[in-house]
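Structure first, then comments.
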Amino acid sequence: MAATAILLLANPASYGNILCGFSTECIEKGIWSESASFSDDGLGPVPSKWKGTCQAGQEFKSNLCNRKIIGARWYDGHLKPKDLEGSIRYSMSQNITTTGMGFITPDALMTLPSRLINATLASGKIVFCYNPAPMTTISPIFYTSKVVKYAKEAGAKGIILATYAFDMLDAFEICGSMPCVLVDFDVATGLYYALVQNTELVVKVTPDLTWLGNGVLAPKISTFSSRGPSPLFQKFLKPDVAAPRSNILAAVKDPYTFKSGTSMACPHVSGVAALLKALHPDWSPAIIKSAIVTTASNDRFGLPILADGLPQKPVDPFDYGGGFIDLNRAVDPGLAYDVDPKDYIPFHDCFLAGNSSCESESRNLNIPSIAILNLKEPTTVLRTVTNVGQADAIYKAVVQSPPGMQILVEPSILKFSAGMNKQSFKVTFTTTHKVQGNYLFGSLAWHDGGAHYVKIPIAVRPVLSNNYYSDV
């Protein structure tokens, strides 16, 4: 991400060399200014048009600002720009991601699960944690922190963790300074039987491998991801997009660690949004969101993208919305779904009043996705796209209909010119089978025959009756 940003903002005369990302945690908790992540080495002077200030507060002096942290304030009783708790350091310092794997020695010891590990047996040894069931003993997310704590107290040198059907990297942040090795459950089972049979073990240690750039295979959605549908706003598709959030290397007090969570994904998206705003100052927040969603990556290598869990499954829009953020493509989306802020007022009025007659207000809100909660009869959705690319352009609709459903787009061809940069269209949904089912997924894209493929996700739930449950 950092390398991409440098390429896009290579001309300092046009864009400057200071980038600010935004995070809720930054507002709430402050930053750890002494971290090397906030060093201003190599940066130019603070822009002359900067009108902000560096406000001193509890344990934060104004001289802690520099050419990278160019301003600081505190609000509403938060008497410090400094972060004493740690959360924001993760968010604001995500400029590089590196992984370092643990190692294993042949001197391994199998120990039974218990709250306390026998220090006499475990001291100086590698602790092997294995159990075929239940869930809380096969997912490192549940038990790793306790194992690490007790293994350290017992003087263990490292830990081998058996895992099943989960992203093994999610547990590494919990290991901290304790060397950890996470192995597939099949490998762990073989290791278990070798240990109980007192088989002499031969372990091969190989150097770490690091993949960068286009060589990285299809990513996965983490188990902790905030997935859809939204329990409150089911007429909108959740989430919008997915972003890096597992084992993000970032600054802390002592001095770096790996953290995972949706709070780690937020700074990535915020940084992308800030870059897009720097490149396109006239873009509205809605256009920036549209550019991120409609250009997101779905299946870059032709491989299935999986959602972590038991069992793992191929992703759908409730797992990753439009897909994984792709900054290079978001810079030039071609078309965008813009929203006038006033368009949200009727929706909020209807939501607060609980008026079912306002169905169209939410359905036709011009966001880059379509979600229909209960489809019984043919239903039409309205959308408008704005041409933010080449003035003269022709786009054709590309529809992937959900199973058992027919989608009609009118018009199916959109023509843009210098004097006509907006076009509206209708999308009509009809079920081909009368069923009481779960959500089905599809997509609608506008393609100009070249580099622009403006795609939005679709989620539709066909029903026979609003009161007839799918499990009856």
### Query
Can you find a residue in the stretch 230-238 that is surrounded by fewer than 17 Cβ atoms within 10 Å (Cβ to Cβ) and small (Gly, Ala, Ser)?
yes
### Query
Within the stretch 268-280, is there a residue that is farther than 24 Å from Ser145 by Cβ and in a loop (DSSP other than H, G, I, E, B)?
yes
#### Entry: Filter result for the condition that a residue is more than 29 Å from Leu275 (Cβ to Cβ) and modelled with pLDDT of 90 or more, over Thr384, Thr379
Thr379
### Query
Which fully enclosed strands (runs of 3 or more DSSP E) of the stretch 346-450 have 3 or more residues being β-branched (Val, Ile, Thr) and touching a residue at least 24 places away in the same chain (Cβ under 8 Å)?
379-387, 393-400, 422-431
### Message
For the structure I just gave you, tell me whether Thr380 is within 19 Å of Tyr337 (Cβ to Cβ) and exposed (fewer than 15 other Cβ atoms within 10 Å of the Cβ).
### Response
yes
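So that you can scan it fast, the table gives a plain yes or no per residue for (1) acidic (Asp, Glu); (2) in contact (Cβ under 8 Å) with a residue 40 or more places away in the chain; (3) under 13 Å from Ser225 (Cβ atoms):
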site: Val241; (1), (2), (3): no, yes, yes
site: Arg245; (1), (2), (3): no, no, yes
site: Ala251; (1), (2), (3): no, yes, no
site: Ser263; (1), (2), (3): no, yes, yes
site: Cys266; (1), (2), (3): no, yes, yes
### Query
If we scan the stretch 149-165, do we find a residue that is in a loop (DSSP other than H, G, I, E, B) and modelled with pLDDT under 70?
yes
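The values are calculated or read from the model by the stated rules, or taken from the named source; none is laboratory data. Everything numeric in this text was worked out from a predicted model, so none of it was measured. Virtual Cβ from ideal backbone geometry, glycine too; neighbours counted across all protein chains shown.
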